[in-house]
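A short write-up of the structure that comes next.
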Amino acid sequence: MAYILYGSKTSPFVRRIRVLLEQIPYELKEMNIYEGQDSVDLNKLNPVNQIPVLVDGENTIWDSRQIFSYLNSLHRFQNMDWQDENQLTAIDGAMNAGVALFLMKRSGINIIEPFMYVQRQKERIDSVLDYLKSFMSGQGLENWDFHSISLYCFLDWASIRGIISLENRPDCQAFLNHHKNKKILTLTEIPKA
Ligand SMILES: N[C@@H](CCC(=O)N[C@@H](CS)C(=O)NCC(=O)O)C(=O)O
């Protein structure tokens, strides 16, 4: 039985799982998580009310990191040591900060103002992108694994949504350019609207 992935085509967390599943059959069930019946249904699937959610027969897995671990244990995509886990935690930290800023923007909160919470999110993103510089010009170019997939999905989403500017980040720009022509990235492109 194919996996069922609940998510949206706009979420970077969902996209990284869709890219990971490039060679594996799954059904994407699209949800509008913020309104209507879908938001009620999501709550029944996942009390945290977040996407993605993966259903594999009797197993329902919340959280994209957990979904990766679950799929990795079944399909052996890559070996993970503690440094790899740390690196994913750094990328996840930037993604979570980016989504927090995006939700604030959507709620009409001015993220240009120097609110402490806003500053903390921006500083976290900068700190992670600084930390990942050597990854972006080394392993991240050579390997197409969950780390590079996650970073790509974050950078692409965050620049499209105006959360980060790539103007002063040539390393990020070069990393995106290096991978952008992959077929799976075209197939999972984030809708611009
Ligand atoms: N840690 C979660 C974060 C997922 C997440 O933030 N998803 C967003 C969509 S991009 C969401 O569901 N937001 C709804 C909300 O937080 O209310 C994961 O990795 O799956």
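So here's what we get for this one:
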read-out: Strands (runs of 3 or more DSSP E) enclosed by the stretch 11-79 - at least 2 residues per element that are within 12 Å of the ligand (Cβ to nearest atom); value: 53-56, 59-62
read-out: Members of the stretch 121-140 found to be within 17 Å of Gly162 (Cα to Cα) and out of contact with any Lys or Arg (no Cβ under 8 Å at 6 or more places or on another chain), listed by number; value: Gln121, Lys122, Glu123, Arg124, Ile125, Asp126
read-out: Residue in the stretch 45-62 that is touching a Lys or Arg at 6+ places or on another chain (Cβ under 8 Å), crowded, with 18+ Cβ neighbours inside 10 Å and not small (Gly, Ala, Ser) present; value: no
read-out: Qualifying positions in the stretch 161-193 - surrounded by 12 or more Cβ atoms within 10 Å (Cβ to Cβ) and in a loop (DSSP other than H, G, I, E, B); value: Arg161, Ile163, Ile164, Leu166, Arg169, Lys180, Lys182, Thr188, Glu189, Ile190
read-out: Counted residues, the stretch 97-131 - those being within 15 Å of the ligand (Cβ to nearest atom), in a helix (DSSP H, G or I) and of a type in the set (Gly, Ala, Ser); value: 3
read-out: Any hit, the stretch 132-155, residues being among the basic types (Lys, Arg), within 15 Å of Gln87 (Cβ to Cβ) and in a helix (DSSP H, G or I); value: yes
read-out: Selected residue (criterion: farthest from Gln50 (Cα to Cα)) from residues of the stretch 80-92 that are within 15 Å of the ligand (Cβ to nearest atom) and surrounded by fewer than 16 Cβ atoms within 10 Å (Cβ to Cβ); value: Glu85
read-out: One residue from Asp171, Asp145 being more than 24 Å from Glu22 (Cβ to Cβ) and of a type in the set (Asp, Glu); value: Asp171
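All of the numbers you see were taken from the coordinates with simple rules; none came from a lab. Please read these numbers as outputs of a predicted model, since none were measured by experiment. No Cβ is skipped: glycine too gets one built from the backbone with ideal geometry, and neighbour counts run over all protein chains shown.
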